[in-house]
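Take a look at the structure below.
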Amino acid sequence: MIDTSTQRRIYKVSELTAEIKVLLEENFPLIWITGEISNFRVPLSGHFYFTLKDKSAQINAVMFRAQNRKLKFYPEDGTSVTGLGRISVYEPRGNYQLILEYLEPAGAGAIQVAFEQLKLRLADEGLFDEKYKKPLPFLPKKISIITSPSGAVVHDILKILNRRFSNLNIEIVPSNVQGDGAEKEIVSALDLLQERGDADVVILARGGGSMEDMHAFNSENVARAIFASNIPVISAVGHETDYSIADFVADLRASTPSAAAEMAVPLKHDLINRCGELSMLLTARFFRYINNLQVLIKGLAQRLIDPHKKIEDLRLRIDDLTSRLVRICVNNLAQRRERLMWRTESLYKNSPLRQSKKAYEKLEQNKDNLVIYIKIYLDKKQFSLRELSARLHSLSPAAILERGYSITSTHPEGVVVRDPHTVAVGQDLEVIVAKGTLFCRVKGK
């Protein structure tokens, strides 16, 4: 039996959840926690939702967009992290969760992880490919140096440039090389040089330092600004063992700022010596060329024929060619004249007038012959016609009637009477004789 004598307090679910929330938030205002990320997801809101777990337990965690935008690395499933946050209860579901304010990879620093992630992503995009590297000009007319104007780096570069090639056009583009505004200033300096387009080489330089100090040179914006530059960029960041994202994207990486100055320009003294050597070589070759031409001209002069003799030979050749041309023309004219006479005679023989006269004579002869043939044919046909007419007349019914015969037929039926038994007494008859027709009536038979 449950003792109901004592007064009971019955909680509503919301009341109990609210008290649990107050209890947790008051006892765990800010805590450091470490674990492994799983079920990482990012909805449209941009907040990070994931589960933080170890071998025995797990807890839901959230990092809102305002805080996760400050991260120097991108969380992934399986990443061990250490974070600072507070415990909170999500009352509609009764779940408790961890709201993180800060997060960093456990073991390795966030900056190093961000460096490796950005390096891998830019490499996949091809920003480090050799095919995009631009060659340095042999002797640049103008060199622009992006660095801090107050550091020792700029003095080292100027000293070496002046020693290697004095009176060179050098431009210092001042920019912070570390700190919060360094990234923006470096990008602005690169954009300025790109817009002006009057520099032949850009040296991006700073001295050595920690990865935190080198953050600006490991940023994505600076890397993309270097890649977009049409002017060759030499990256001289840190010491010989230091590597930055800018080193991989730049057209040339120098181990130190001093090495960058040596790569940018050749030694003026070496160029002067080389020019002297080339001048001497060019002079020697020029004189050798002139000497060869003189020898060639002398040989040609010895082989050259006297112009007067050459002219006489040409005159004789012209006379001979003229004579041959005249003979050819005369023979050609004679042949053409003979061919013309033959064709004229042939044309006369085949003159249309003559041909038409012959055709007319033949036509007249054919006409006479045709008239004779027609007359003979008509006479023959008339004789046959008379003979056939006589024969036809002798067989004509009229000729029979002429000889006293008659033709009797019933009237008005017109049936020829051949037998007296076919007619009746009193029937009308029609009798045809040679000179006319008689209408009779049968009286008896």
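How many percent of the accessible area of the chain is carbon or sulfur, using a 1.4 Å probe?
Heavy-atom surface of the chain belonging to carbon and sulfur, 1.4 Å probe: 57 percent.
For VAL173, the residues whose modelled amide H falls within less than 5 Å of its own, excluding neighbours fewer than 5 places apart on the same chain, are ILE145, ILE146, THR147.
Here's the picture: charge each Lys and Arg Cβ at +1 and each Asp and Glu Cβ at -1 in the range 9-58, and of ILE10, PRO43, VAL22 the one pushed furthest to the positive end of that dipole is PRO43.
Per-residue 3J(HN,Hα) values for the range 219-225, derived from phi via the Karplus relation 6.51 cos²θ - 1.76 cosθ + 1.60 with θ = phi - 60°, read 8, 5, 5, 5, 4, 6, 5 Hz in sequence order (x marks Gly and Pro). Spread over its residues, the convex hull of the C-alpha atoms of the range 310-398 is 126 Å³ per residue.
Simple point charges give the picture: +1 on the Cβ of Lys and Arg, -1 on the Cβ of Asp and Glu, and for the chain a dipole about the Cα centre of about 5180 debye. For the range 357-418, chymotrypsin sites (Phe, Trp or Tyr not before Pro) meeting the loop criterion (DSSP other than H, G, I, E, B) and having at most 14 other Cβ atoms within 10 Å: TYR405.
If you sort HIS411, HIS269 by accessible surface, 1.4 Å probe, largest first, the order is HIS269, HIS411. What aspartates and glutamates sit close enough to LYS358 to cross-link, taking a C-alpha to C-alpha distance under 17 Å and skipping anything fewer than 8 places away on the same chain? In chain and number order, the partners are ASP368. Taking the Cα atoms only, what angle lies between the long axis of helix 307-349 and the longest principal axis of the chain, rounded to 10 degrees? Rounded to the nearest ten degrees, it is 30. For a paramagnetic label modelled on LYS12 (point 7 Å from Cα along Cα→Cβ), amide N atoms under 20 Å away belong, within the range 59-101, to 89-95.
Arrange the residues VAL173, VAL113 by how much accessible surface each exposes, largest first, with a 1.4 angstrom probe.
On the way: VAL173 10, VAL113 35 Å².
Ranked from most to least accessible, the order is VAL113, VAL173.
Hey, for a label at LYS142 modelled as a point 7 Å past Cα toward Cβ, could you say which residues of the range 201-231 have their backbone N under 19 Å away? Label zone hits: 201-205, 229-231.
Can you give me the relative contact order of the range 127-214 as a percent, contacts being Cα pairs under 8 Å and 6 or more apart? Mind showing how you got there, number by number?
Working: 95 pairs, mean separation 36.1, N = 88.
The value is 41 percent.
What longest range of the chain stays clear of loop-exposed GluC sites (Glu not before Pro) (DSSP non-H/G/I/E/B, at most 14 other C-beta within 10 angstrom)? Provide the component values of the computation, followed by the final result.
Values: sites that count: GLU76, GLU212, GLU240, GLU413.
Here the longest segment lacking exposed loop sites spans 241-412.
Projecting each Cα onto the charge dipole of the range 1-72 (Lys/Arg +1, Asp/Glu -1 at the beta carbon, about the Cα centre), which of ALA57, ILE31, GLN67 comes out farthest on the positive side? Comparing the listed Cα positions along the dipole, GLN67 ranks first. Listed values for the range 250-262 are Karplus-derived 3J(HN,Hα) couplings in whole Hz (6.51 cos²θ - 1.76 cosθ + 1.60, θ = phi - 60°), namely 4, 5, 8, 9, 9, 5, 9, x, 5, 5, 4, 5, 5, and x replaces Gly and Pro. Only one of (i) 1.23; (ii) 2.98; (iii) 1.17 was calculated from the structure for Cα Rg over 2.2 N^0.38 Å, and its label is (ii).
With viscosity set to 1.002 mPa s and temperature to 20 °C, compute the Stokes-Einstein D of the range 218-355, Rh being the Kirkwood radius across alpha carbon pairs; µm²/s, no decimals.
Values: Rh = 25.5 Å.
The Stokes-Einstein estimate is 84 µm²/s.
Here the range 118-162 is treated with +1 on each Lys and Arg Cβ and -1 on each Asp and Glu Cβ, and its dipole about the Cα centre works out to around 200 debye. Excluding same-chain neighbours fewer than eight residues apart, the lysines reachable from LYS141 by a Cα-Cα span under 30 Å are LYS131, LYS133, LYS159, LYS184, LYS268. Using only Cα atoms, find the angle between the long axis of helix 13-27 and the longest principal axis of the chain, and express it within 0 to 90 degrees, rounded to the nearest 10. It works out to around 50 degrees.
The values are calculated or read from the model by the stated rules, or taken from the named source; none is laboratory data. Keep in mind that this is a model prediction, so the values were computed, not measured. Because the Cβ atoms are built from the backbone with ideal geometry, glycine has one as well, and the counts that use them run over all protein chains shown. Remember, those area values only see protein heavy atoms, side chains included, never the ligands or the DNA or RNA. Shrake-Rupley method; radii C 1.70, N 1.55, O 1.52, S 1.80 Å.
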